[in-house]
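Shown next, in structure tokens, is the structure this report addresses.
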Amino acid sequence: MSPRIGVIVTGEAALKELRIFMKTLEVWHPDAELYIATDKETNMESLKWKGTIHVKQSLDRYVGKRRYELDSMPGVKYNSMWTEYMYEKVNVIEWMLESPTKEGAWFFDADISFLAPLPAIPTTASVALSPHYIKEADTKQYGYYNAGFMWFKDARYLRDWRNAGFKSRYYEQAALEDVANLAKQKNELYEFPIQVNFGWWRMFQMKEDPPTVQTKFSLFRKDKSVGIRYDGQPLQSVHTHWYESQHSYQSIFNGWFKTFLKKFASHPPIKVFSSAILS
């Protein structure tokens, strides 16, 4: 069956990222069924997709507010509006799981780019999460798992995720540790490998220094992917704001990755991916 994929999009910047998301996804899953939570001001009609798109305008109360503003505003249910905005992810996943599915439902942040097909998940799993793979000190602050790349098959875990948010040390993200612990007890947890959901944090918050991390990238033309490998295995996805312009770890990561792409621009599968992020 076609994969069900959920995403949250509010504002032009997020919409711009979603276009890259969709352009790279359609290489591998042109029939994917997209579930997009958005607001009335974001122009969804401008999107082009071969498969089915479901749109729900459920995010109007967040329109026009930056993160620091939402973080300073008390929420209705949680202690801040930003936490409530982050927990809109749960609403999207519940929306996808309203209809029975043996394949489960994916949720991605809009700034994911796909370099290969979606990863296979064991049939025993009901929850699949992406560890940060970062230093312990950073894990203590930001959480063990990244909340921008997830898969759920059992909606009951979403209730547990919501409840964990009331005592989470870092918004909805650290609360995923409670979900993981419950899923582990039932042998229903799967953790994605480091080649999935590769973000800037895996270059700058690892135990290894950035130059060492960079040496682990290579090209292998026979993979069912764009051909980029990390630590000997195909790189499945990259998680970054490609339009980040401020001097930050993220912008440095973007610059390095784009330079790496240009070295292999003649490799046909890379052309599709690089045209999406370099244009």
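Looking at (1) without any contact (Cβ under 8 Å) to a residue 12 or more places away in the chain; (2) surrounded by 18 or more Cβ atoms within 10 Å (Cβ to Cβ), which is the only condition P211 fails?
Only one criterion is unmet by P211, namely (2).
Can you list residue pairs whose Cβ atoms sit under 7 Å apart, with the first residue in region 184-198 being more than 10 Å from Y230 (Cβ to Cβ) and the second being part of a helix (DSSP H, G or I)? Count only pairs 6 or more apart in sequence or on different chains.
L189/A180; L189/A183
What is the residue count in region 165-176 for residues that are touching a helix residue (DSSP H, G or I) at 6+ places or on another chain (Cβ under 8 Å) and over 11 Å from Y87 (Cα atoms)? It would help to see each step written out before you state the result.
Restricting attention to region 165-176, the residues satisfying the condition of being touching a helix residue (DSSP H, G or I) at 6+ places or on another chain (Cβ under 8 Å) are 165, 168-176.
Among the residues that remain, those that are also over 11 Å from Y87 (Cα atoms) are: 168-170, 174, 176.
Residues flagged as touching a helix residue (DSSP H, G or I) at 6+ places or on another chain (Cβ under 8 Å) and over 11 Å from Y87 (Cα atoms) within region 165-176 amount to 5.
Kindly evaluate A37 against the criterion of being over 22 Å from W242 (Cβ atoms), surrounded by 20 or more Cβ atoms within 10 Å (Cβ to Cβ), under 16 Å from the mean Cα position of the chain (by Cα) and not assigned by TED's automatic domain parsing to the domain that holds F273.
Working: over 22 Å from W242 (Cβ atoms): no; surrounded by 20 or more Cβ atoms within 10 Å (Cβ to Cβ): yes; under 16 Å from the mean Cα position of the chain (by Cα): yes; not assigned by TED's automatic domain parsing to the domain that holds F273: yes.
The answer is no for A37.
Within region 109-131, restricting attention to residues that are assigned to a strand (DSSP E or B) and touching a Leu at 6+ places or on another chain (Cβ under 9 Å), which residue is farthest from Y190 (Cα to Cα)?
If we take residues in region 109-131 being assigned to a strand (DSSP E or B) and touching a Leu at 6+ places or on another chain (Cβ under 9 Å), then S113 is farthest from Y190 (Cα to Cα).
So, F107, is that one farther than 16 Å from I36 by Cα, in contact with a helix residue (DSSP H, G or I) (Cβ under 7 Å, 6 or more places away or on another chain), buried (at least 21 other Cβ atoms within 10 Å of the Cβ) and touching a residue at least 24 places away in the same chain (Cβ under 8 Å) or not?
Values: farther than 16 Å from I36 by Cα: no; in contact with a helix residue (DSSP H, G or I) (Cβ under 7 Å, 6 or more places away or on another chain): yes; buried (at least 21 other Cβ atoms within 10 Å of the Cβ): yes; touching a residue at least 24 places away in the same chain (Cβ under 8 Å): yes.
Taking the combined requirement at face value, the residue does not satisfy it.
Enumerate the helices (runs of 4 or more DSSP H) found wholly within region 132-211, keeping only those where 1 or more residues are among the small types (G, A, S) and out of contact with any strand residue (DSSP E or B) (no Cβ under 9 Å at 6 or more places or on another chain). Give the steps one after another, and end with the answer.
Details: elements: 136-142, 156-164, 171-174, 176-185, 201-204.
The helices (runs of 4 or more DSSP H) meeting that bar are 136-142, 156-164.
Grab the helices (runs of 4 or more DSSP H) fully contained in region 1-88, keeping just those with 2 or more residues being among the aromatic types (F, W, Y).
On the way: elements: 12-25, 67-72, 81-86.
Those helices (runs of 4 or more DSSP H) span 81-86.
When residues of region 16-25 are filtered for being buried (at least 18 other Cβ atoms within 10 Å of the Cβ) and more than 12 Å from S274 (Cα to Cα), how many remain?
Kept after step one, since they are buried (at least 18 other Cβ atoms within 10 Å of the Cβ), are these residues of region 16-25: 17-18, 20-25.
Okay, now just the ones that are also more than 12 Å from S274 (Cα to Cα), so 17-18, 21-22, 25.
Count: 5.
The values are calculated or read from the model by the stated rules, or taken from the named source; none is laboratory data. Since the structure is predicted, the reported quantities are computational estimates derived from the model, not experimental observations. Note: ideal-geometry Cβ built from the backbone for every residue, glycine included; neighbour counts use all protein chains shown.
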